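The values are calculated or read from the model by the stated rules, or taken from the named source; none is laboratory data. Computed from a predicted model, the values in this text were never measured in an experiment. In this analysis, Cβ positions are derived from the backbone assuming ideal geometry, glycine residues included, and neighbour counts consider all displayed protein chains.
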Amino acid sequence: MLFNSIDFMIFFPIVLSIYFVIPKKLRAIWLLIASYYFYMSWNPTYALLIAASTVVTYCSALLIDARSSKGTYKHAKYKKLLLLAALFINLGILGLFKYGNFVIDSIGGLLQALHVTAAPRRFDFLLPVGISFYTFQALGYLIDVYRGDIKAETDPVRYALFVSFFPQLVAGPIERSKNLLSQLKNISVIRLWDAKRVTSGAILMVWGYFMKMVIADRAAILVNTVFDSYQMYGSSELLLAALAFSLQIYCDFGSYSLIAAGSARIMGVELMENFNAPYFARSVRDFWSRWHISLSTWLRDYLYIPLGGNRKGRIRKACNTMIVFLVSGLWHGADWHFVAWGGIHGFYQVAADFLKPCKNKLIEKLQINTECFSWKFLQTLLTYILVVFAWIFFRADNISSSLLYIKRIFTKPTPWLLFNGGIYALGLSRIEMNILFFSTLLLFMADCVRYKMKISIDRFLMRQNLWFEWLAVICAILMIFVFGEYGPAFDSQQFIYFQF
Amino acid sequence: MKNTLVRITCFLLILILVLCYADKVFKVKYGDGIYDMTTFYKLDDNTVDVLILGSSHAFENINTGTLWEEYGISSYILGGSIQPLWNTYYYLKEALKTQTPELIVLEGYCTIQNQEFIDDSRIIKNTYGLKWSPDKLAAIKISAPEERWHEFIPEYIQYHTRYTELSKPDFCGEKANPLYYDWKGFGCNMTTTPLEAKDVSGVTARTPLYEKVETYYRKTIELAKERDIPVIVLISPYAGISEGHKALYNTASDIAAEYNVDFLDANSYLHEIGIDYAGDAADTSHLNYRGNQKFSHFLGNYLKNHYEISDRRGDPAFQSWQRNCDYIAQQIRNQELRESQELSGITDRLSDQNYLLFISLDGNCTAGDERLQPFYASLGIVGDSAYGGIYYRDNAASGTEDLLWYSQFGAAEKYWDLTAHDLCMKRIPDAGVYTNHITVDNTEYKKTENGVNVVVYDLVTQSVADSFGIDTGKDYAIVR
């Protein structure tokens, strides 16, 4: 059930209406039923996987917590064993379903390179949607309990809801136990009817739908046209498609997070912010503090810091950074081009660290003013270019395609297409391009507000006079209804992050 | 809490109004299918004496104007493009909610269909005009495969992408086109394609109808029978008929006989009708304005002779049929003007009281041109014989041969704000040379640089009826 499907348009109001009227004690169980129904709408069988992950982490956490009060070596070892066992089971499920075929294919490729004839059998199951999200969320909880940061949740319904809470179940944000679980504990005392909160949630949802249906799915048409036959295009089209993909993936993933946050907020649950004007970042490190924040911080807290973080020298820090980003790449997809994408981002950060003294010296020597707009703009622009470059590896089918794509950008110049209307033959007509441009302008304005005023679109609008707030929301809804990519003539795009 | 409720209500109200308006604008506005139904709903109850059902073979071949003018038959064609019989059935069901006709004419071309479903645009045309009711839902469901029902309901998702093709009628509705003011479902095809007749009268073979087609063919007849309304199944003449079609019609005829229903295949009466496809066909499936008048004359006569059908001429309750008839007649007059190639014939037709004439004498053409004097005289063109100029004439307003307005010297411009269009005439001097411009909605009409340019605006159809030039440099040839 996609957020932008008719099914969800029916599902959510029904869930919400019943949630608002049932006795407080039943709220959690109702949301749990709704969440499982939501998940099973893709593939009922895969509910078993999420249930297994829930049971394993729930029981392990209780057992670990029971040993926490006893600080002996034996108990510590037992706790560690339990944690490792739970990690093994959960990561095993993730590995089998998400990376099984990747491993088989990689081995097959290696054997072929060694001229060994073998035809390894592939698994014939589909990737369960959102498996990376709920696995990481459950494991985060388990590690928190292991570390003693939180107490184990004893209520199985509440814990099951924490793992499967439908707004963020299949594409995040990856919630922390401290945030979500504590809110779910108070779900029976949440004041449901809070006009401001509901309005704010509804605005977030509307803006999310706008980003998904008007921008992301429109940009996807151009992106798919070019990336699917990049051998037929030159520099202008390839660059345009790369830029369009940066827009598509931001609006696609950002919209899911917004709709998730908005729908949860309407129900009285606050989800963590997942995006914060990422393309305004002034460095790649800054970009990762604004992009998919829930994953970045998860990897920081549960991987980077346990690996030693930046506490063990520059070389070790560089290695840790590379490990984190390679894992991040692999988390995004079971293919080498995702690993390459993660590696590129890791390399950016390592290189930035090593080059920082040189950069500072250069700035000093050339007496560059680093407080003015032009310097900040240059930083933002360079960061954006580096991020877009890496996106090519993310979007292309494989690494060799990415390299060929980049090679063609430099070897097949077609600047005239920017002037003779050739860019309107990439799947989007002139009017569709204009709509995309105008919508992107609105997105830019919203991100400007987020970046400069440090408030989200809902808070910004709710601070304005009523007429402006209403006008903005009604215009956004109207644009979704009219310019949204939906209906039979349109091949509906899934949210990109569903595959992760 | 009270304030919040008021706020929410107001917001939702505004939102619904905005979305409803958007829906109204984006709705598909096809004449072939949707308008048939929407204008049908506006008729007074029990005013349609002959209800004609079917596809474009019905709404392009049967001229409601002729049926009215010659026989006083108040007919209405409730059809849709390539309308399958399952849609015809639901159209009839809907029609009988407000009308009790004296006769139902079922145009049977679509008995030859052999598909379970037709293309999407035809599904839309044949269902979206219906008012929401269980019958409409049933019509959509029978028209599309079950797994695609959600693509047609709600309707908006089918047409929200029309923002690339919006035009004036989308914002002004049926008022934008006078064709629909008193429309009775007939679309007059003005094209002429010379074709030859094919004689298939010797075909006696019978091919079974497609199962779904036969089911709804029977259901349609049975529905009429249940209401005690006489039915006639009619196959209107068309040049593209084949032996295969005829074999299917033979079966359809047998089925009609089972119900004691008349079956008239007009393709067997081409000689009696006077149809000559060399000049009467619009294409292989449809008759043009000459052919449909001949056929409708024949059909009206047949219906009058075989059924009891009232003559409503002169009845004030049926004035809209007269207006519809006048409109069609005017459309045909306009077409005849467009087809005229002789200046004398054009001159006669230009005297139509419904015309506004916008004339410019361009280039080396002057008011003193000797060969054009009879033409000038008929339009009342006067002035300095050494100059050209721009001239405006309203045949109805003047009532004489005098022009209402003209300009030969100095810069001049005049604007006309007509209901459906904006017109402008300009005469611009530049270094002693004048250039003239006749513009309709920002489109300039100029057929010749040297000669007379005429734009004929028809007040009945509210459109440019004709635009032609008389090229003095090409031996006064008519150029269009």
Name the one entry in B:221, B:232 that is among the β-branched types (Val, Ile, Thr), over 22 Å from the mean Cα position of the chain (by Cα), assigned by TED's automatic domain parsing to the domain that holds residue B:198 and not in a strand (DSSP E or B).
B:221
Within the stretch B:352-366, the residues that are among the polar types (S, T, N, Q) and outside any strand (DSSP E or B) are B:353, B:354, B:364, B:366
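Going by the conditions given, is residue A:389 closer than 21 Å to residue A:222 by Cα, touching a residue at least 40 places away in the same chain (Cβ under 8 Å) and buried (at least 21 other Cβ atoms within 10 Å of the Cβ)? Steps first, answer last, please.
Values: closer than 21 Å to residue A:222 by Cα: yes; touching a residue at least 40 places away in the same chain (Cβ under 8 Å): yes; buried (at least 21 other Cβ atoms within 10 Å of the Cβ): no.
It is false that residue A:389 is closer than 21 Å to residue A:222 by Cα, touching a residue at least 40 places away in the same chain (Cβ under 8 Å) and buried (at least 21 other Cβ atoms within 10 Å of the Cβ).
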Return the residues of the stretch A:439-467 that are surrounded by fewer than 16 Cβ atoms within 10 Å (Cβ to Cβ), at pLDDT 95 or above and within 14 Å of chain B (Cβ to nearest Cβ); say none if nothing qualifies.
none
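Hey, does the stretch B:35-58 have a residue that's within 14 Å of chain A (Cβ to nearest Cβ), without any contact (Cβ under 8 Å) to a residue 40 or more places away in the chain and either surrounded by fewer than 22 Cβ atoms within 10 Å (Cβ to Cβ) or part of a strand (DSSP E or B) (or both)? I'd like the intermediate steps shown before the answer.
First, the residues of the stretch B:35-58 that are within 14 Å of chain A (Cβ to nearest Cβ): none.
Checking the stretch B:35-58: not a single residue is within 14 Å of chain A (Cβ to nearest Cβ), without any contact (Cβ under 8 Å) to a residue 40 or more places away in the chain and either surrounded by fewer than 22 Cβ atoms within 10 Å (Cβ to Cβ) or part of a strand (DSSP E or B) (or both).
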Quickly run through the stretch B:96-125 and pick out the residues that are assigned to a loop (DSSP other than H, G, I, E, B) and within 14 Å of chain A (Cβ to nearest Cβ).
B:117, B:119
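Conditions (1) at the interface with chain A (Cβ under 9 Å from one of its Cβ atoms); (2) outside any helix (DSSP H, G or I); (3) in contact (Cβ under 8 Å) with a residue 24 or more places away in the chain, marked per residue:
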| residue | (1), (2), (3) |
| --- | --- |
| B:149 | no, no, no |
| B:159 | yes, no, yes |
| B:163 | yes, no, yes |
| B:173 | no, no, yes |
| B:183 | no, yes, yes |
| B:186 | no, yes, yes |
The listed residue being free of Cβ contacts under 8 Å to residues at least 60 places away in the same chain and under 17 Å from the mean Cα position of the chain (by Cα), out of A:342, A:346:
A:342
Breaking point among (1) among the hydroxyl-bearing types (Ser, Thr, Tyr); (2) at pLDDT below 95; (3) part of a helix (DSSP H, G or I), for residue B:128:
(3)
Looking at residue A:436, is it touching a residue at least 24 places away in the same chain (Cβ under 8 Å) and within 14 Å of chain B (Cβ to nearest Cβ)?
yes
Select from the stretch B:322-351 the residues that are surrounded by fewer than 17 Cβ atoms within 10 Å (Cβ to Cβ) and in a loop (DSSP other than H, G, I, E, B) and list them in ascending order.
B:341, B:342, B:351
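Here's the yes/no breakdown for (1) hydrophobic (A, V, I, L, M, F, W, C); (2) over 24 Å from residue A:344 (Cβ atoms); (3) away from chain B (no Cβ under 14 Å); (4) crowded, with 17+ Cβ neighbours inside 10 Å:
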site: A:375; (1), (2), (3), (4): yes, yes, yes, no
site: A:381; (1), (2), (3), (4): yes, no, yes, no
site: A:394; (1), (2), (3), (4): yes, no, yes, yes
site: A:416; (1), (2), (3), (4): yes, yes, yes, no
Exception for residue A:357 within (1) exposed (fewer than 12 other Cβ atoms within 10 Å of the Cβ); (2) part of a loop (DSSP other than H, G, I, E, B); (3) not aliphatic (A, V, I, L, M) falls at (2)
Given the options B:416, B:405, name the one that is loosely packed, with under 15 Cβ neighbours inside 10 Å and either within 29 Å of residue B:172 (Cβ to Cβ) or hydroxyl-bearing (Ser, Thr, Tyr) (or both).
B:405
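Are there helices (runs of 4 or more DSSP H) fully within the stretch A:214-316 with at least 2 residues that are within 15 Å of the chain's Cα centre (by Cα)? List them.
Filter on the stretch A:214-316 gives A:235-266, A:284-288, A:293-299.
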If you check residue B:82 against the conditions, is it away from chain A (no Cβ under 14 Å), free of Cβ contacts under 8 Å to residues at least 60 places away in the same chain and within 15 Å of residue B:53 (Cβ to Cβ)?
yes
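Per-residue answers, yes or no, for (1) without any contact (Cβ under 8 Å) to a residue 24 or more places away in the chain; (2) assigned by TED's automatic domain parsing to the domain that holds residue A:144; (3) of a type outside the set (A, V, I, L, M); (4) touching a strand residue (DSSP E or B) at 6+ places or on another chain (Cβ under 6 Å):
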residue: A:12; (1), (2), (3), (4): no, yes, yes, no
residue: A:19; (1), (2), (3), (4): no, yes, yes, no
residue: A:26; (1), (2), (3), (4): yes, yes, no, no
residue: A:29; (1), (2), (3), (4): no, yes, no, no
residue: A:35; (1), (2), (3), (4): no, yes, yes, no
residue: A:39; (1), (2), (3), (4): no, yes, yes, no
residue: A:42; (1), (2), (3), (4): no, yes, yes, no
residue: A:55; (1), (2), (3), (4): yes, yes, no, no
residue: A:74; (1), (2), (3), (4): yes, yes, yes, no
Somewhere in the stretch A:469-492, is a residue modelled with pLDDT under 95 and more than 13 Å from chain B (Cβ to nearest Cβ)?
no
